[in-house]
Amino acid sequence: MSMLAQPQESHQPPRGHIRVVYLGPVAPHWEIHSDFGDRSSIEEFRQRAMARLLLLPPHDPQFRRNRERVVRDAERENLLLEWDLGLPEEADPPAPTPASPAGE
């Protein structure tokens, strides 16, 4: 699943783009990529985000709190932030199976 957090200051163009990718259950769990932006500010953001996420898989309760901190940090820096947690986009729920009559 991919989610995009928009900066709050919409009157200024974003200073960069960050994509946080979940690598899987074996640490390090995360990789951070950038498509554009000032290299030094992107690297500083990457270091802060990795310090918060490095050993946390997405199912860890601490991940939610640290993810919010990363999102707020990206908003302060006016960066577009995209999360790729490796989950499929919201899929349609499976259709219910018809119940068989009790006599069968």
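Any read-out appearing in this document is the output of simple, stated calculations on the displayed coordinates, not a laboratory observation. This is a predicted model, so every value here is computed, not measured. Here the Cβ is made from the backbone with ideal geometry for all residues, glycine too, and neighbour counts use every protein chain on show.
Listed values, structure above:
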{"quantity": "Positions within region 69-82 being surrounded by fewer than 20 Cβ atoms within 10 Å (Cβ to Cβ) and closer than 12 Å to Leu53 by Cβ, in sequence order", "calculated": "Arg69, Val71, Asp73"}
{"quantity": "Subset tally (residues that are surrounded by 12 or more Cβ atoms within 10 Å (Cβ to Cβ) and closer than 20 Å to Gln12 by Cβ) for region 39-68", "calculated": "4"}
